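**Q** Can you read through this structure? Questions will come right after.
The values are calculated or read from the model by the stated rules, or taken from the named source; none is laboratory data. This structure is a prediction, so every number in the text was calculated from the model and none was measured. Here the Cβ is made from the backbone with ideal geometry for all residues, glycine too, and neighbour counts use every protein chain on show. We work out accessible area using only protein heavy atoms, side chains counted, and drop any ligands, DNA or RNA first. Shrake-Rupley method; radii C 1.70, N 1.55, O 1.52, S 1.80 Å.
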Amino acid sequence: MERPRPLRVSPFHARQQALGACFLEGGGWERPHWYEANAPLVDALGPLPERDAWSARYWSPIAAAEARATREKVALYDMTPLRRLEVSGPGALDFLHRMTTNNLRKKPGAVTYTLLLDHTGGIRSDLTVARLGPDRFQVGANSPADLDWLTRHAPDGVHIRDITSGTCCIGVWGPLARDLVQPLTRDDFSHEGFGYFRAKETYLGHVPVTAMRLSYVGELGWELYTTADLGLRLWDTLWEAGRKHGVIAAGRSAFNSLRLEKGYRAWGTDMTDEHDPFEAGVGFAVRMDKEFVGREALDAAAPPTRRLTPLLLDDPAANVLGKEPVYVDGVPSGYVTSASYGYTLGRCVAYAWLPPLATGTGVHIEYFGEKVPATVAEEPLFDPKMTRIRR
């Protein structure tokens, strides 16, 4: 839709425009998908597969250059559209622990990936829950339905508010991320001093931030949150400090490619309340030794008859986009959820709901009437030992 855009913009919008951002829209937010300022980086790439008119409509080879820069140096990603909730009050810990599937009884500073289930065991949402104080949590959520669901179940004394509009977030990711942020703060951002899935409230330059060591792209780095009025100052601080490290701004197109190479799920696309955690491949976030909403349904569930399955297209020049049917032994057996060209892997990555299949099984994805061969892969496809993130 062209109207009523632009509706919601991050504090960095003017800087993004100056870098030639190509904006698409999601949830009312203007989201950069690539930046024309990075066009010179394309010259250093090898040849990329040609795209047909449909798959090239919202794509640029600049996305490949941005993905490569993230893997090799460091990039800034505007993560402001991520929905953020604050949950506080003397009963906040017990409430969140009961509502979600993972163990949240951890000390302040811990960040936990967990799930919201409905009473049938379906995945209503996936959350990252940061315990910032004994009775104060920041929750990374997905949709207004998460706020509604939690508010409807919250007991007296637990306060929940959506803080998205008053805050912003920059993802700083890449092997040089620590070189960029460490000189800006007095706190220890080393691996030993600031471990993976940890949070700190600190300052970067003159900007107060909540820093979370998370990575949705499979590289070292942090999500950095601050108030909306200080967002532009945070961007400028990081941009100036990153110049000597070759920092770039990178967009959603590169982001999607990188997250699929790591097999990170996107709620609403890869999994919904029609799927349970074990068939969706996020059973690691479920602790069956505690009480939570949806546990009884999981206890009674039959073994999965389908799984969210990683596929690699056999032809390095082939590409699919998502929502295509998948054939097993010539029979339509499922569909692609997310797909993107994996620039690090040199193949298109597709995730699909399929019957349980062994690694190496051949399938076909139908793209505009053509049966494109693909093979069931073992995940994660990139950096299976997590050495790039945990360093």
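**Q** Kindly provide the set of residues from segment 289-317 that are buried (at least 18 other Cβ atoms within 10 Å of the Cβ), in a loop (DSSP other than H, G, I, E, B) and either among the hydrophobic types (A, V, I, L, M, F, W, C) or out of contact with any strand residue (DSSP E or B) (no Cβ under 7 Å at 6 or more places or on another chain) (or both), ordered by number.
**A** The answer is PHE292, VAL293.
**Q** Within segment 268-281, does at least one residue satisfy the condition of being farther than 25 Å from LYS371 by Cβ, in contact (Cβ under 8 Å) with a residue 24 or more places away in the chain, aliphatic (A, V, I, L, M) and open to solvent by less than 30 Å² (accessible area, probe 1.4 Å)?
**A** Checked segment 268-281: at least one residue is farther than 25 Å from LYS371 by Cβ, in contact (Cβ under 8 Å) with a residue 24 or more places away in the chain, aliphatic (A, V, I, L, M) and open to solvent by less than 30 Å² (accessible area, probe 1.4 Å).
**Q** I need the full set of residues from segment 361-379 which are more than 12 Å from THR309 (Cβ to Cβ) and either in contact with a strand residue (DSSP E or B) (Cβ under 6 Å, 6 or more places away or on another chain) or open to solvent by 40 Å² or more (accessible area, probe 1.4 Å) (or both), in order please.
**A** GLY362, HIS364, GLU366, PHE368, GLY369, GLU370, LYS371, VAL372, PRO373
**Q** Just one of TYR335, TYR341 is outside any loop (DSSP other than H, G, I, E, B), surrounded by fewer than 22 Cβ atoms within 10 Å (Cβ to Cβ) and modelled with pLDDT of 95 or more; which is it?
**A** After ruling out the rest, the residue left standing is TYR335.
**Q** Here's another thing I want to ask about it. Just one of (1) farther than 25 Å from TYR264 by Cβ; (2) surrounded by fewer than 17 Cβ atoms within 10 Å (Cβ to Cβ) trips up LYS106, so point out which.
**A** (1) is the only condition that LYS106 fails.
**Q** Quick one: which residue in ALA318, ALA358, ALA377 is under 22 Å from the mean Cα position of the chain (by Cα) and aliphatic (A, V, I, L, M)?
**A** None of the other options fit; the residue is ALA377.
**Q** Does segment 157-216 hold any residues that are among the charged types (D, E, K, R), surrounded by 15 or more Cβ atoms within 10 Å (Cβ to Cβ) and in a loop (DSSP other than H, G, I, E, B), and which are they?
**A** Those that are among the charged types (D, E, K, R), surrounded by 15 or more Cβ atoms within 10 Å (Cβ to Cβ) and in a loop (DSSP other than H, G, I, E, B): ASP187, ARG213.
**Q** Now for a different question. Scan segment 382-391 and give yes if some residue there is at pLDDT 95 or above, open to solvent by less than 70 Å² (accessible area, probe 1.4 Å) and more than 19 Å from the chain's Cα centre (by Cα), otherwise no.
**A** No, every residue in segment 382-391 fails to be at pLDDT 95 or above, open to solvent by less than 70 Å² (accessible area, probe 1.4 Å) and more than 19 Å from the chain's Cα centre (by Cα).
**Q** Which of the residues belonging to segment 200-237 are under 25 Å from TYR113 (Cβ atoms) and among the aliphatic types (A, V, I, L, M)?
**A** Across segment 200-237, the qualifying residues are LEU204, VAL209, ALA211, MET212, LEU214, VAL217, LEU220, LEU224, LEU234.
**Q** If you scan segment 217-262, which residues turn out to be crowded, with 20+ Cβ neighbours inside 10 Å and small (Gly, Ala, Ser)?
**A** GLY218, GLY221, GLY231, GLY242, ALA249, ALA250, GLY251, SER253, ALA254, SER257
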